[in-house]
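Just so it is clear, none of the values below were taken in a lab; they were calculated from the coordinates. Since we're looking at a predicted model, the values are computed, not measured. Cβ coordinates were reconstructed from backbone atoms using ideal geometry, including for glycine residues, and neighbour counts include every protein chain displayed.
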Amino acid sequence: MKNLMRYAFPTVVFVFTAVTTAQAQGSLSIEQVKDGLYSISGSGGNVGIRVTTEGVILIDDKFPRNFAEIQELVSQVSDQPVRYVLNTHHHGDHSGGNIEYINISEIIAHQNARDNMVRGNQDAPPRLVFTDQTAVYLGGVEVRAFYMGRGHTNGDAVIYFPDLQTVHGGDLLHTIAPFIDYANGGSSKGWVSTMNNILSLDFDTAIPGHGDVMNRNDVVAFRNQMEAVRARMAELIRSGMAKNEASERIRTSDLSWTMQADGLFMQRSIPGFYDEIAAELGR
């Protein structure tokens, strides 16, 4: 594993039950994405589970309250302990479970994600960080983590499973309208560039931070809508639109994100989005 230290891990015993289709367990559900790769959905962000013969690699860990349920679902697909947790970013619905995993697994995140956790006084920031890319090699399986640029935040990691042609994009990928976290380095312009970097990878399947599993065409469509909402905001600002008019005037049936009045894009991103595009235009 590039630029990361090795650690010893305690032994944890699990009961193994095979899962081939989506199964519910309390508030969460698990489904098989590909051979040896599963996704847990429900409360919080989507968790990825990569099973190996020497242990399990988790992608994100939801909220602290989900720990026992995640462990139970992991035990349905592997009799091995969780040895690594890769945080896609710092938000608590993706990294809140760190407080439970920090003493039984090694947690890894981008340096900026850790900095955001520390600044926000979050519990159990990761002990291992990377700046460009790193990888975990476990049980003959390679899981790679890339920093491909700003987008949702300034510390988003893209997790790549090269043998399965699959990515876990965290909140860089959504099947619903996204949230641009400007307070923590988010950027719509950066997001487009980052999406292009993701699309340079060889993949046909993507686990988003929230929503159903995506295919490559879905990822392209997401990138395209980000470009389109940027173009629309720029057009409206050039026409003289004031900031307090943006939430109403950006709405158009051609752009599904703008029609989700209760979505995070419309509820929380528009003021910063206006400011970002206005600055690009020199307004």
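Some values worked out for this structure:
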quantity	calculated
Scope the range 52-68; condition surrounded by fewer than 19 Cβ atoms within 10 Å (Cβ to Cβ) and either part of a helix (DSSP H, G or I) or without any contact (Cβ under 8 Å) to a residue 60 or more places away in the chain (or both); matching residues	Phe63, Pro64, Arg65, Phe67, Ala68
Checking Gln133 against (1) touching a Lys or Arg at 6+ places or on another chain (Cβ under 9 Å); (2) under 26 Å from Glu280 (Cβ atoms), the condition it does not meet	(2)
Test: residue in the range 241-258 that is touching a residue at least 12 places away in the same chain (Cβ under 8 Å), part of a helix (DSSP H, G or I) and among the charged types (D, E, K, R)	yes
Hits in the range 103-124 (condition: of a type outside the set (D, E, K, R) and buried (at least 17 other Cβ atoms within 10 Å of the Cβ))	Ser105, Ile107, Ile108, Ala109, His110, Asn112, Ala113, Asn116, Met117, Gln122, Ala124
Residues of the range 259-274 satisfying the condition of being part of a helix (DSSP H, G or I) and free of Cβ contacts under 8 Å to residues at least 60 places away in the same chain	Met259, Gln267, Ile270, Pro271, Tyr274
Yes/no for Ala206 being among the small types (Gly, Ala, Ser) and not in a helix (DSSP H, G or I)	yes
Residues that are buried (at least 21 other Cβ atoms within 10 Å of the Cβ) and out of contact with any strand residue (DSSP E or B) (no Cβ under 7 Å at 6 or more places or on another chain), drawn from the range 125-154	Pro125, Arg150, Thr153, Asn154
